[in-house]
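J.: One structure follows; several queries about it will come next.
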Amino acid sequence: MTHWWQRANIYQIYPRSFLDTNGDGIGDLRGIIRKLDYLKDLGIDAIWLCPVYDSPNDDNGYDIRDYYRIHEEFGTMKDMDRLITEMKKRDMKLVMDLVVNHCSDEHAWFQKARASRDNAFHDYFIWHPGRGLDEPSQPGTPIPPEPNNWASHFRGSAWEWNEQTREYYLHLFSRKQPDLNWENPALRHEIYKMMRFWLDKGIGGFRMDVINYVSKDPSLPDVPGKDGQRYVHDSRYYANRPRTHEHLQEMHQEVLSAYPDCMTIGEMHQTSVNEGLKYVQPERRELSMIFQFEHLAIDSGPQGKYDMPVAWDIPALKETLSTWQNGLSGAGWNSLYTGNHDQPRMLSRIGSTETNELRKRSAMAIAAGFLLMQGTPFVYQGEEIGMTNVAFPDIESYRDIETLNFFREASAQGMPEKTAMKIVHLRSRDNARTPMQWSSDTHAGFTDGRPWIPLNPNYPDINVHLDARDPDGVHAFYRELLHMRRSHPVWTEGTFEDLAPDHHSIVCYTRRMVDGTVACVLGNLSAKEVAWTVPDELRTALRQGTLLLASPALEDARVVPESLLPMQTIVCMQAGQENGA
Ligand code: GLC
Ligand code: CA
């Protein structure tokens, strides 16, 4: 038996940048409702909606002030209820973002917690009196050094001093995102209650923000330093710890088991396939799926995300993807994705955007290359029209806290502005957060007002209005691909095999069913023409089977190519004997 989410195509919405309906320059829930038919037509079954809860927006909604309220800039709870109803009418499900590794420092829990040590909320957070101390030092005495050298993901120390209690609190992200103390059962039960509130509204599930970070090494040790850095990242002390699995099993028992149709997907940085398996093996009763990040790290420079990227090592990329395909096949379930609101756009990373033709073909080669493997595909807004990275000339146009903190720190450390801006252009999260490009009208039809972040200036040439009318457009290809994925079980159930693991640019894999059905995906992830001998199996499928997708269009579907054009894609299928289609 397969679950609905194993057959579903999911679309991720970053609500601030999707569609503004009241002219305040910020996308809103009504904007999403307005585009449900667009998404339904594209072949979408469910939406993962980034946070729309009440928030002071230090990290654009990932710092939640009230889990039971909709942020007024997005609308009201009535709008939310209408969104759920309108989605139900269209047989679509809503997946909410669950951000419970931390909340906002403006959440009532933290406001009470920080006021004194003797209230029930104090223990909702992770406190420490300072390096070497067991008890808070006396008021008026110097502030002790931080408890350890852990770095925040948004730069600087992961500890912030709270004078009222003479303690530090832990924040793996910004200082306005205090980490919640999952060792406290009262906190866990508050979270379960909140999850039930949303599930009872009729949502289809949760995407769980950095959920593998919820348990920390209780001894809070210093981590071995690198290159004389003052604050250091070492995920061993907070990622994938044994207690995380216990917490998720408890969450399953307390909440999820009562909603058997509910789908959960955990965001899992720093997670290998062996670690990942533990979260998704159905018998362990933890999560439905995870987002792993290994395939997105292949082009990272030595200093990680905010460093000059290195050239893609395509065989390494394919090896990573195969490892996840083979590792989870029959034992769990994969998610398939190439980007999200935290990533520069894959089209600008691995594709070629030099000409419009190459840009379109690259977008299609990426879609076929990644989204036809075994697993549930996630399309991030704008991918379906081939939206690209942006390169704003100055740092003032950027909004993202991670980007701004990188720039500030790099500049303080003497990195030339030109270099820092280059890295921002290539790696900033704002690359994915510029407004959705609906048309060539002012502000791309995203807003009548002043957009909260500038648009990508390429919107007159890249937008839904233009692309969806182009028979050779990216939108038409995504639409075909997503509908096709639901039209034959081979795309859900078929096993995966990589037929070109070592090739430097060719992607070629099969999906196979026991009845003999075989689907083949072939692509050239290079801006150059590449000579290549097509494997026999694919040759037969092309000659005798059905051509499902081709970019550029093939004049004669039965002619097996001798070489592949730049960014060419071909998808075909040969039905099996037993229930031949
Ligand atoms: C996740 C989110 C990201 C956010 C961070 C902290 O990685 O996707 O946008 O900044 O968690 O909540
Ligand atoms: Ca608005």
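J.: Report, by chain and number, residues whose modeled amide H sits under 5 Å from the one on residue 102, excluding near sequence neighbours (fewer than 5 apart, same chain).
T.: 180
J.: Expected output is a single nm value to one decimal: the length gained when fully extending between residue 547 and residue 563, i.e. 0.36 nm times separation in residues minus the C-alpha distance. What is it? Before the final figure, lay out each step's value.
T.: Values: separation 16, 0.36 × 16 = 5.76 nm, distance 1.75 nm.
Length gained, residue 547 through residue 563: 4.0 nm.
J.: Could you work out how far helix 474-487 tilts from the main Cα principal axis of the chain, as a 0 to 90 degree angle to the nearest 10?
T.: 90
J.: Could you run the Karplus curve 6.51 cos²θ - 1.76 cosθ + 1.60 with θ = phi - 60° over segment 76-83 and give me ³J(HN,Hα) per residue in whole Hz, x for Gly and Pro?
T.: Running phi through 6.51 cos²θ - 1.76 cosθ + 1.60 with θ = phi - 60° gives 10, 5, 5, 4, 5, 4, 5, 4 Hz.
J.: Need one number: nm distance between label points at residue 486 and residue 68, each 7 Å from Cα along Cα→Cβ, rounded to one decimal.
T.: It works out to 3.6 nm between the two label points.
J.: Using a 1.4 angstrom probe, figure out how much accessible area the chain has per residue, in square angstrom, rounded to the nearest whole.
T.: 39
J.: Using the Cα centre of the chain as origin and beta-carbon charges of +1 (Lys, Arg) and -1 (Asp, Glu), tell me which of 277, 2, 323 is placed farthest towards the positive end of the dipole.
T.: It is 2, whose Cα lies furthest towards the positive end.
J.: Continuing with the same structure: Assuming a ≥ b ≥ c are the square roots of the Cα gyration tensor eigenvalues, decide whether segment 106-179 counts as rounded (a/c under 1.5), prolate (otherwise, with a/b larger than b/c) or oblate.
T.: Oblate, since a/c reaches 1.5 and b/c is not below a/b.
J.: Would you please classify the overall shape of segment 141-180 from the alpha carbon gyration tensor, given that a ≥ b ≥ c denote the square roots of the eigenvalues, rounded means a/c under 1.5, and beyond that prolate means a/b larger than b/c while oblate covers the rest?
T.: Oblate shape, in that a/c is at least 1.5 and b/c is the bigger or equal ratio.
J.: Add -39500 (n - 2.57) for each DSSP H run of 4 or more in the chain, then divide by its residues: what number comes out at 222 nm, to the nearest 500 deg cm²/dmol? Let's see the in-between values first.
T.: Values: 17 runs with 165 residues, N = 581.
Calculated from helices alone, the mean residue ellipticity at 222 nm is -8000 deg cm²/dmol.
J.: Enter the Cα centre distance for the pair segment 72-130 and segment 32-66, rounded to the nearest angstrom.
T.: Result: 15 Å between the Cα centres.
J.: Determine ³J(HN,Hα), in whole Hz, for all residues of segment 349-360 in sequence, where each value follows from phi through the Karplus function 6.51 cos²θ - 1.76 cosθ + 1.60 and θ = phi - 60°; x replaces Gly and Pro.
T.: Per-residue couplings from phi come out as 8, 10, x, 10, 10, 5, 10, 5, 4, 5, 4, 5 Hz.
J.: Another question about this same structure. Between beta-carbons, use under 12 Å as the cut-off and find the net charge around residue 399, counting Lys and Arg +1, Asp and Glu -1. Can you show the working numbers first?
T.: Details: positive: 16, 429, 433; negative: 58, 59, 396, 400, 402, 430.
Taking every other residue near residue 399 into account, the sum is -3.
J.: Here is a further query. Would you list which lysines come within 26 Å of residue 88, measuring only between C-alpha atoms, while excluding same-chain residues fewer than 8 positions from it?
T.: Within the straight-line limit of under 26 Å, residue 88 reaches these lysines: 35, 40, 78, 193, 201.
J.: Between residue 157 and residues 5 or more places away or on another chain, which pairs have amide H atoms under 5 Å apart, with H built 1.01 Å from N, and which residues are they?
T.: Amide H neighbours of residue 157: 152.
J.: Could you sort 378-388, 449-459, 61-71 so that the peptide with the highest average Cβ count within 10 Å comes first and the rest follow in order?
T.: 378-388, 61-71, 449-459
J.: Given points 7 Å out from each Cα along the Cα-Cβ axis, report the residue 515 to residue 281 separation in nanometres with one decimal.
T.: 3.2
J.: Can you grab the distance from the C-alpha centre of segment 274-302 to the C-alpha centre of segment 460-532, Å, no decimals?
T.: Each part's Cα centre sits 23 Å from the other's.
J.: Order these peptides, 534-542, 168-176, by their mean beta-carbon neighbour count within 10 angstrom, highest first.
T.: Ranked by mean Cβ neighbours within 10 Å, highest first: 168-176, 534-542.
J.: On to the next question. Of the peptides 182-193, 509-520, how do they stack up when ordered by the mean number of other Cβ atoms within 10 Å, highest first? Each step should come with its number before you reach the end.
T.: Details: 182-193: 15.8, 509-520: 19.8.
Answer by packing, highest mean first, reads 509-520, 182-193.
J.: Residues of segment 15-40 with the amide nitrogen closer than 13 Å to a label point 7 Å from the Cα of residue 442, along Cα-to-Cβ, please.
T.: The answer is 23-25, whose backbone nitrogens lie closer than 13 Å to the label point.
J.: Then there is this: Spelling out what I want: for every residue of segment 368-380, take phi, set θ = phi - 60°, compute 6.51 cos²θ - 1.76 cosθ + 1.60 (Karplus), and round to whole Hz; glycine and proline get x.
T.: Ordered by residue, 3J(HN,Hα) equals 5, x, 9, 8, 9, 6, 7, x, 9, x, 10, 9, 8 Hz.
J.: Of all the accessible heavy-atom surface of segment 106-179, with the other protein chains kept in place and a 1.4 Å probe, what percent is carbon and sulfur?
T.: 51
J.: Follow-up. Enumerate the amide H contacts of residue 345 below 5 Å, restricted to partners 5 or more residues apart or on another chain; note that Pro and chain-start residues carry no placed amide H.
T.: 389
J.: Right, another one. Using +1 at the Cβ of each Lys and Arg and -1 at the Cβ of each Asp and Glu in the chain, identify which of 70, 92, 440 lies farthest towards the dipole's positive end.
T.: About the Cα centre, the residue reaching furthest to the positive side is 92.
The values are calculated or read from the model by the stated rules, or taken from the named source; none is laboratory data. This is a predicted model, so every value here is computed, not measured. Neighbour counts run over all protein chains shown; Cβ positions are idealised from the backbone, glycine included. SASA here: full protein model, heavy atoms, side chains in, ligands and nucleic acids out. Shrake-Rupley method; radii C 1.70, N 1.55, O 1.52, S 1.80 Å.
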